[in-house]
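Participant: To start, I am sharing the structure in question, which I have written as C-alpha cells.
The values are calculated or read from the model by the stated rules, or taken from the named source; none is laboratory data. In this text, all values refer to a predicted model and were calculated from it rather than measured experimentally. Neighbour counts run over all protein chains shown; Cβ positions are idealised from the backbone, glycine included.
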Amino acid sequence: MKHIFTIAITCSVASAQWPDTPDTNLGICTASGEQAITKLAAAEDGGCYVSWFDNRGGGYDVYMQRLDPSGNPQWETDGIMIADRNYSSTMDFDLTVDTSGNAVVVYRQNMLSGDGIVVSAVDSTGTILWNTTVEGAGSFVASPVIANSGDGVIVGWIYDNVSNFQRLDIAGNMLWNNVSVDDPLGGTLNVADIQPSIDGSVIASFVQYTTYWGNKQLKAERITSDGVLLWEQQVAVMLDNSLQFGAYPDFISDGTGGGFFTWYGVGPLQCYATRISSNGVMWFGGQVQVASSFGSTERVNPVGVRDGSEFVVFFRSQDNSQSEDGIGVQRLSTNGGVLWGNAGISLKPTSSSPQYGNFAAAKTDGGVVLVYAESPSFGNDVMNALSVDAAGTVEWTASVSSTPSSKSRTDALGVGGGIVLVWQDDRSGSNDIYGQRINGDGSLGSGGSCSEDLNGDGLVGVSDLLQVIDAWGACGMVCAEDLDNDGAVGVSDLLMMIDAWGDC
C-alpha cells in the first residue's frame, strides 16, 4: 500500500535569482557535508527541478529543489529530503517530469536484505505524492533511468546481468509485471539510458558484453506502453570497436520518436554517432566517425545536441599521450552526412594548458551552446561557454563561473530560450551544488531583463499574466509572482505586469 507523504515547509525560503555576473553563481545547496551528482528537469512555469545526492546527515540521501524561471528557490533553503539512505558512496539516478508537472525521481534504496529500486513523485509545492518500490531487495541493482510514457513513466534498472523495466501511472501504480531484457548471446545487458519515443513507448540503450574484459557494445530496444519489446532483435548501435570500460553513454531524442547516439571507441580512440529511427532503422550514413583521424589526434567525450532535423556534436580532441587537449565540433545532417568537413571545426586548439572537460550542451534561441570547464591546473577550474550557429561560426563566448575550484557533473537544460545549468563545486572545500542561467545572447541572469517576465521568454505577455492570477493571494514563501515583495500577489503586482507589457 502506498501512502501520501507531506513535507511541511517551516523554514523561510531565501530570495535568490540567477546572477548576472560569473563571479557569483547561484548556491542551490551549500549545506554541510558533500552534495554530489546533479540532475535537471524542466518545470511547467519555465523553471526547473534540481535533484542531487546529499551527505549532510551521513549517508547520501536524495534531495531536491524547485527553482522558478528567475532562479528563486521555491522550497526550503538547501532543498528537501526525498529519500533517507545510508550509502557511503554514490551510484547514478535519474529525474523527469510527468504530464501533471510533478518531478519523478528514481534511485537505489538500501533495504533490510539488500538494495532495491524506488520511484518518488514530488509536486510543485514540495509535497511527496507517492513512493513506489519497483524492485525489492535481494539481487544486485544499479543505475536506474526514467522517461515519460503517456500519462505515466517507464523506469529501467540493472538487475544482475539483465535489465528490468516497469511502467507506473501518474498515481504511482505499477502497470506491468517487471519486463526483463536480456542478451540473446547469453552475456550481460546493462541499461545505460532511456528516452521517450511515440505512442507512450520508449527507446532504451544498453551496454552489452559477453565477458567481463571483452568488447563493450551499444544496443537499443524500443519498449511499448504495454511492455512489449517492439524490435524483434536488439538494434546494434555500434558496428565495431568497443566502449571504454565503465562507459555508459547517454543519448538524446531525435525529435521524431527515434534516438541520436554519440560515443567514443577505444580502438581507435575516436568519436562516433548514429541515429536509430522509431522503426529501429539506422540512418543512411551508418556509424559515422564524427571527425576523421589525422596526425596523432584522438577524440573523446562527445556530447550531442539536436538542432532542428540536424545534430551538433562537441568533442574533446587530444594527442596520443593525452597530455594535451582542445575542443572540436561537427554538424551532421538528418541522414548522417558530415557538414563541417571531415575533421570538423576546431574551437580550441590542442595544447597542454589549459585543460578542458566537464562538457554539457543545449540549444538556445540563438544557437547551440557548449559549456565546459577550463583549467590551468588541477582543482582550479573555471567554466566558460560558447555558441555556434548553423555555419559553425562562434557567435559569442562567455565566462559562466570565474571562481577557481574543482567543478564536475554539469547538467544543462534548454529552457525559455536560454540554458539552465547545475554542477557540483568544491569552492568551499566540500562539494556543493551551484547553478547559472545563460541567455541566448551569451549574457547571464534571468531570461528577461525584468522581473515581470516570469517564464523567461524575453517578453511580458499572457502566460506571465496567467501565472500572476494563478498565484493570487498570500505568498507564504518568496515567489516570483510577488513583484512588489509585499508578501502577497495582488492588484499592485497585476498593475506592474500590465505596465511592463511587451518586449522585456
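Participant: Hey, can you tell me all the residues within the stretch 367-389 that are surrounded by fewer than 17 Cβ atoms within 10 Å (Cβ to Cβ) and either modelled with pLDDT of 95 or more or not hydrophobic (A, V, I, L, M, F, W, C) (or both)?
Facilitator: Selection gives P376, S377, G379, N380, D389.
Participant: Also: Go through the stretch 183-208 residue by residue and tally those that are assigned to a loop (DSSP other than H, G, I, E, B) and either surrounded by fewer than 20 Cβ atoms within 10 Å (Cβ to Cβ) or in contact with a Pro (Cβ under 9 Å, 6 or more places away or on another chain) (or both).
Facilitator: Within the stretch 183-208, residues that are assigned to a loop (DSSP other than H, G, I, E, B) and either surrounded by fewer than 20 Cβ atoms within 10 Å (Cβ to Cβ) or in contact with a Pro (Cβ under 9 Å, 6 or more places away or on another chain) (or both) number 8.
Participant: Within the stretch 162-174, can one find any residue that is within 21 Å of V118 (Cβ to Cβ), polar (S, T, N, Q) and either in contact with a helix residue (DSSP H, G or I) (Cβ under 6 Å, 6 or more places away or on another chain) or part of a loop (DSSP other than H, G, I, E, B) (or both)?
Facilitator: For the stretch 162-174, residues within 21 Å of V118 (Cβ to Cβ), polar (S, T, N, Q) and either in contact with a helix residue (DSSP H, G or I) (Cβ under 6 Å, 6 or more places away or on another chain) or part of a loop (DSSP other than H, G, I, E, B) (or both): present.
Participant: Restricting to the stretch 140-154, give me the number of residues that are of a type outside the set (A, V, I, L, M) and assigned to a strand (DSSP E or B).
Facilitator: Total meeting the criteria: 5.
Participant: Say whether the condition of being at pLDDT below 95, closer than 27 Å to Q289 by Cβ and of a type in the set (A, V, I, L, M) is met by at least one residue in the stretch 338-350.
Facilitator: Looking through the stretch 338-350, at least one residue is at pLDDT below 95, closer than 27 Å to Q289 by Cβ and of a type in the set (A, V, I, L, M).
Participant: Scan the strands (runs of 3 or more DSSP E) fully inside the stretch 40-139 and keep the ones with 2 or more residues being closer than 23 Å to S463 by Cβ and in contact (Cβ under 8 Å) with a residue 24 or more places away in the chain.
Facilitator: Output list reads 48-54, 61-67, 94-97.
Participant: Same structure, new question: Run down L230, L243 and say which single residue is touching a residue at least 12 places away in the same chain (Cβ under 8 Å), farther than 15 Å from S201 by Cβ and among the aliphatic types (A, V, I, L, M).
Facilitator: L243
Participant: Looking at the stretch 452-498 only, could you name the residues that are more than 21 Å from T125 (Cα to Cα), modelled with pLDDT under 75 and among the small types (G, A, S)?
Facilitator: If the condition is that a residue be more than 21 Å from T125 (Cα to Cα), modelled with pLDDT under 75 and among the small types (G, A, S), then G458 is the only one that fits.
Participant: Among the strands (runs of 3 or more DSSP E) confined wholly to the stretch 293-372, which include 3 or more residues that are closer than 30 Å to A41 by Cβ and touching a Phe, Trp or Tyr at 6+ places or on another chain (Cβ under 8 Å)?
Facilitator: Correct list: 298-307, 310-318, 325-332, 355-363.
Participant: Checking G246 against (1) at pLDDT 95 or above; (2) closer than 26 Å to K39 by Cα: exactly one of these is not met. Which one?
Facilitator: With (1) at pLDDT 95 or above; (2) closer than 26 Å to K39 by Cα applied to G246, the lone miss is (1).
Participant: Could you list all residues from the stretch 164-200 that are aliphatic (A, V, I, L, M), within 18 Å of G150 (Cα to Cα) and within 22 Å of the chain's Cα centre (by Cα)?
Facilitator: L168, I170, I194, I198
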